Amino acid sequence: MSSPGMDEASSLQLCRVMLPDDANFMGNVHGGIILKMIEEAGSIIGTRHCNTQNGDRCLAALVRVEKTEFLSPVFIGEVVHVNAEITYTSKHSLEVQVKVIAENILTGAKKLANKAALWYVPCSLQNVDKIMEVPPIKYASAEKEEEGRKRYEAQKLGRMETKARVEEPMPLRPNLEDAPQERHTVGFSQSSLIHLVGPSDCTVVDFVYGGVAMKLMDEVAGIVAFRHCGTNIVTASVDAINFHRKIRKGCVVTVTGRLTFVSNRSMEIEVLVDADSLVETQTGKYRAVSAFFTFISLDKENKPLNVPPLKIEGDDEQKRFEEGKSRYLQNKARRLAEKERQQ
């Protein structure tokens, strides 16, 4: 259902049951599965809205996902309802806000599992490098429009700052057989996944769905977290995911994750996606996506466990650790402030 003041075309709901393939060995649904469903809903509603006007047909391409909290775990057998709504439009971009509700169909109990905000730009099907104009939406009030404009300016600034920071290449994980790494170091848990982008990963204009990239990123981050603590782990949150450049069919993507910060109960993992085209070899390898994932460790009753401390080696690791600690403290303060407002 659409909200007051919104067009019917600006809201959407998707739902499906969670299956064993969607979860880890403890029955917790992977965060990447939820992220992929969120992006599917955003892509559908964004594409549908942008094609309500005359002109070239277009496809909504994901450029950023704001910080996303995984509020409640989702389990095998639960039905996930993904509710998406367009909440702001600029001339060339639109914001989609999504709520994920998990339903136990045996008891009827429902819980809020996730909230996310995604930004899309419409790319012409005739020329994917051409950004189309976005039809405006109707706002419930002038205040809602102004709040959306502020979010738009903030995400635009965030994308520019992140792109400048992540251009440096991620070093390869050392060969542990040749140079054994001490447990609980960055080098010990660092992990990479190499994936050849095929037709099933891509949109009708042959570039990768944002949800596919996010699922791969969550998988790599999960491997890093498991290598560090060796217990059941789940995604707790994801800092802003920035899509810097498109990934096309025929690219080999290298998804690499490394620990940057560890608190008593959480692990921050930087995940970078680099793409290298097998067809357009002159373009060379480039940074396509970047984000920070936060994981927590759980016992058999899904209660949080303490995480082994991270052993820092060198000035670069120390710098990344301090930056991660700053993000951790900022997020903790923000959560406390939100909790106080709700009381």
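The values are calculated or read from the model by the stated rules, or taken from the named source; none is laboratory data. Everything numeric here is computed off the predicted structure, so don't read it as measured data. Using ideal geometry, Cβ is built from the backbone for each residue, glycine included, and neighbour counts are taken over all protein chains shown. With ligands, DNA and RNA removed, areas are computed over all heavy atoms of the protein, side chains included. Shrake-Rupley method; radii C 1.70, N 1.55, O 1.52, S 1.80 Å.
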### Condition met for ALA116 (of a type in the set (A, V, I, L, M) and surrounded by 14 or more Cβ atoms within 10 Å (Cβ to Cβ))
yes
### Task
Check ILE137, ILE101 and return the single one that is without any contact (Cβ under 8 Å) to a residue 40 or more places away in the chain and either under 30 Å from ALA236 (Cα atoms) or not assigned by the TED database to the domain that holds ALA291 (or both).
ILE101
### Query
Picking from LYS246, LYS300, which residue would you name as being closer than 21 Å to LEU193 by Cβ, in the same structural domain as GLY210 (by the TED database) and in a loop (DSSP other than H, G, I, E, B)?
LYS246
### Query
Just one of the numbered conditions (1) open to solvent by 40 Å² or more (accessible area, probe 1.4 Å); (2) in contact with an Asp or Glu (Cβ under 7 Å, 6 or more places away or on another chain) is not true of GLY211; which one?
(1)
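When only residues in region 42-73 that are within 19 Å of MET217 (Cα to Cα) and part of a helix (DSSP H, G or I) count, which is least open to solvent (accessible area, probe 1.4 Å)?
Restricting attention to region 42-73, the residues satisfying the condition of being within 19 Å of MET217 (Cα to Cα) are 42-43, 61-70, 73.
From what is left, the residues that are part of a helix (DSSP H, G or I) are 42-43.
Working: GLY42: 0, SER43: 15 Å².
Restricting to residues being within 19 Å of MET217 (Cα to Cα) and part of a helix (DSSP H, G or I), the top hit is GLY42.
Among the listed residues THR260, THR256, THR294, identify the single one that is within 19 Å of ASN24 (Cβ to Cβ), hydroxyl-bearing (Ser, Thr, Tyr), outside the structural domain of SER43 (by the TED database) and modelled with pLDDT of 95 or more. Steps first, answer last, please.
On the way: THR260 fails: within 19 Å of ASN24 (Cβ to Cβ); THR256 fails: within 19 Å of ASN24 (Cβ to Cβ).
Selected residue: THR294, the only one of THR260, THR256, THR294 that is within 19 Å of ASN24 (Cβ to Cβ), hydroxyl-bearing (Ser, Thr, Tyr), outside the structural domain of SER43 (by the TED database) and modelled with pLDDT of 95 or more.
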### Task
Any residue in region 298-320 that's aromatic (Phe, Trp, Tyr): show its pairings with residues that are assigned to a loop (DSSP other than H, G, I, E, B) at Cβ separation under 6 Å, as long as the two are six or more apart or on different chains.
none
### Message
Which of the numbered conditions does VAL252 fail, given that it passes all the others? Conditions: (1) assigned to a strand (DSSP E or B); (2) aliphatic (A, V, I, L, M); (3) crowded, with 21+ Cβ neighbours inside 10 Å.
### Response
(3)
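Kindly establish whether GLU317 is outside any strand (DSSP E or B), open to solvent by 60 Å² or more (accessible area, probe 1.4 Å) and over 30 Å from THR203 (Cβ atoms).
Numbers: outside any strand (DSSP E or B): yes; open to solvent by 60 Å² or more (accessible area, probe 1.4 Å): no; over 30 Å from THR203 (Cβ atoms): yes.
Spelling it out, it is not the case that GLU317 is outside any strand (DSSP E or B), open to solvent by 60 Å² or more (accessible area, probe 1.4 Å) and over 30 Å from THR203 (Cβ atoms).
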